[in-house]
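Since the structure comes first, as structure tokens, the remarks are kept for the end.
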Amino acid sequence: MNLKRIFQLLLSSLLSQGVSVITQLLVPPFFLRFYGSGVEVYGEWIALSASVNYLSTLNYGIQTYANNEMTILYNRGDVEGAKSVQASAFRLLLLLVLVFGVVGAVVFFLPIASWLKLRHESSMAAALTLYLLILQLGVNMLFSLLTNCYMVVGQLHRGYSWASAQRLFSVLIMAAAIWRRSSFPVLAGIQLGSLLLFMVLVLIDVRRTSEMLLPSLRYGSWKQVLTILKPSGHFGLIAVAGFLTWQGPVLLIQRVLGPGAVAVFALIRVVFQMSRQLLMTASTTIAQDITRLVGQQDWKQLRRLYDLSERVVLFLIPVVSIGSLLLCPFLFTVWLHKRDMYNPMLCLLMAIVSAVLGIKEHKTQFQSSSNEHEKLSVFILWGYAIMLGVSVFTMHLYGLPGFILTWLVWEVIQTGFVLRMNDELFPKEMAVSSEPIVRLVLFLTVAFAIAAVPTWRGVHWPLVTVVSVAVGMSAAFAVAAYFVFGMGEVRELLVSRLRSRFAPTT
């Protein structure tokens with residue numbers, strides 16, 4: 001467990017999450033402000049994007065497996081094997097990009113506008129937007145594989161920084177285009193163009209940083225491609241499940257409840273996504289070290305990393321989830337200028353879902369980063385499919401609260417399953433305890449019960465009162481969580497490492 005490497009990745013992850021926050025702060029409000037019928041236009045852009053995002057699931061499987069396998073092989077001394085996996089993965093992705101470009105042209109012959117109930121774009125403009133988004137997803141596959149290759153030599157923070165720079169550049173140009181009320185095809189073209197530009201820049205940097213990482217198709221083979229497909233396919237199933245979680249509901253709500261409900265759901269989810277960036281950072285920061293320790297088969301250090309990172313995540317969950325919930329009236333007023341869209345019930349339910357997701361993502365990170373994910377991929381895919389099927393009925397009965405409750409029930413079930421898989425990851429003498437999770441459940445039960453009062457009363461409070469209560473209660477929960485989840489040991493470890501690093505030499 002290398003703290004310097006973890007801190008480097010932490011800083012680059014925070015930069016990445018900061019870009020995500022900037023994206024959410026700029027894009028939705030710009031849509032709402034600069035387009036007529038802004039809520040509906042934003043809902044239509046979300047629906048168009050969601051309708052092709054399932055293709056990115058292919059990238060998740062290939063890129064994640066290939067980079068994990070390269071890192072494991074490299075840390076075992078098999079450099080040629082690592083190069084072979086990389087080259088074969090690039091062959092496969094180049095083939096997929098070609099297929100996307102050819103087969104994707106079928107969208108020009110489909111009634112996209114009527115299928116998605118679009119009112120503000122013609123059928124041709126909608127088809128062109130979809131085609132450019134498809135090409136963008138294909139190019140992004142190659143870009144992601146390239147930026148994540150830095151993990152092999154322990155410099156994943158460098159790849160994260162390049163990815164963040166690309167996203168920030170794209171968001172700023174896109175915001176300017178929205179300000180000028182540009183058409184959807186122009187917005188999609190901006191995303192594609194920025195990826196192509198930064199792919200060239202990253203290739204130049206890879207050549208300067210570690211020439212071993214520079215892709216060369218001659219090291220790969222189509223036989224090796226076939227060996228990548230099965231384990232990558234299981235990662236792909238996890239990504240398909242992610243599509244069913246994040247894009248599937250948008251399309252379903254669009255069909256069942258209409259674009260207005262899509263906009264409300266998407267905006268509330270965005271509020272908690274922004275705050276959850278901190279939780280996601282705490283989990284993804286350790287991904288590189290998980291893969292390296294698995295490659296070195298250092299189970300003792302891996303188990304210690306699991307314990308310490310779990311304490312940090314459990315400490316953050318109540319602070320982040322409840323703090324975001326209490327700030328919702330402020331965010332809807334200052335950020336979106338639409339305080340009337342604040343719905344206490346929906347925000348409370350989404351905060352609880354966000355807390356459960358924070359637990360699950362930390363546990364899932366250990367499975368995905370160690371390439372031990374096959375059982376998990378099948379389980380969650382079927383689970384999310386069933387969840388969406390059930391939510392059709394719950395939405396008809398209870399509207400958006402019905403969907404969020406259905407989602408919450410499934411996330412709880414899935415978290416329990418991932419905990420069992422975590423236990424199987426380690427030797428029997430290093431069994432994973434569920435006791436910290438039990439403590440978190442009890443803590444959250446009390447905390448959300450206390451937070452429910454200001455959640456409802458905050459509808460009519462002045463913004464100064466809303467912010468003061470949110471900050472005060474979050475600070476109180478942070479102090480309590482520090483002791484409940486044993487953060488003292490984490491603090492002592494950090495202090496001792498810093499002292500040894502900066503101690504004067506004799």
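The values are calculated or read from the model by the stated rules, or taken from the named source; none is laboratory data. This one's a predicted model, so the numbers in the text were calculated from it and none came from an experiment. Ideal geometry is used to build each Cβ from the backbone, glycine not excepted, and the neighbour counts take in all protein chains shown. Calculation scope for accessible area: heavy atoms of the full protein, side chains included, ligands and nucleic acids excluded. Shrake-Rupley method; radii C 1.70, N 1.55, O 1.52, S 1.80 Å.
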Exercise. Sort the following peptides by mean Cβ neighbour count (other Cβ atoms within 10 Å, averaged over residues), highest first: 418-425, 14-21.
Key: 14-21, 418-425
Exercise. Rounded, prolate or oblate: pick one for segment 276-431, where a ≥ b ≥ c are the square roots of the eigenvalues of its C-alpha gyration tensor, a/c under 1.5 means rounded, and failing that, prolate if a/b is larger than b/c, else oblate.
Key: oblate
Practice problem: Starting from 0 in steps of 5 Å, tell me what percent of the Cα-Cα pairs of segment 108-186 lands in each bin. | Solution: 3, 13, 16, 17, 15, 13, 10, 7, 4, 1
Practice problem: Kindly rank 466-478, 195-207 from highest to lowest mean number of other beta carbons found within 10 Å of each residue. | Solution: 466-478, 195-207
Exercise. Provide ARG218, ARG292 ordered by accessible surface of protein heavy atoms (probe 1.4 Å), highest first.
Key: ARG218, ARG292
Quiz item: Sorted by mean Cβ packing within 10 Å, highest first, what order do the peptides 100-108, 377-385 take?
Solution: 377-385, 100-108
Quiz prompt | Value at 222 nm in deg cm²/dmol, rounded to 500, when DSSP H runs of n ≥ 4 in the chain each add -39,500 (n - 2.57) | solution = -28500 deg cm²/dmol
Quiz item: Translational D (Stokes-Einstein, µm²/s) of the chain at 10 °C and 1.306 mPa s when Rh comes from the Kirkwood sum over C-alpha pairs?
Solution: 66 µm²/s
Exercise. First check a/c for segment 381-506, with a ≥ b ≥ c the square roots of the eigenvalues of its C-alpha gyration tensor; if it is under 1.5, answer rounded, and if not, answer prolate when a/b is larger than b/c or oblate otherwise.
Key: oblate
Self-check item: Tensor-based shape of segment 354-429 (alpha-carbon gyration tensor, a/c under 1.5 rounded, otherwise prolate or oblate)
Solution: prolate
Quiz prompt | Unsatisfied cross-links (Cα-Cα over 26 Å) in the set LYS223/LYS363; LYS83/LYS223; LYS300/LYS375 | solution = LYS223/LYS363
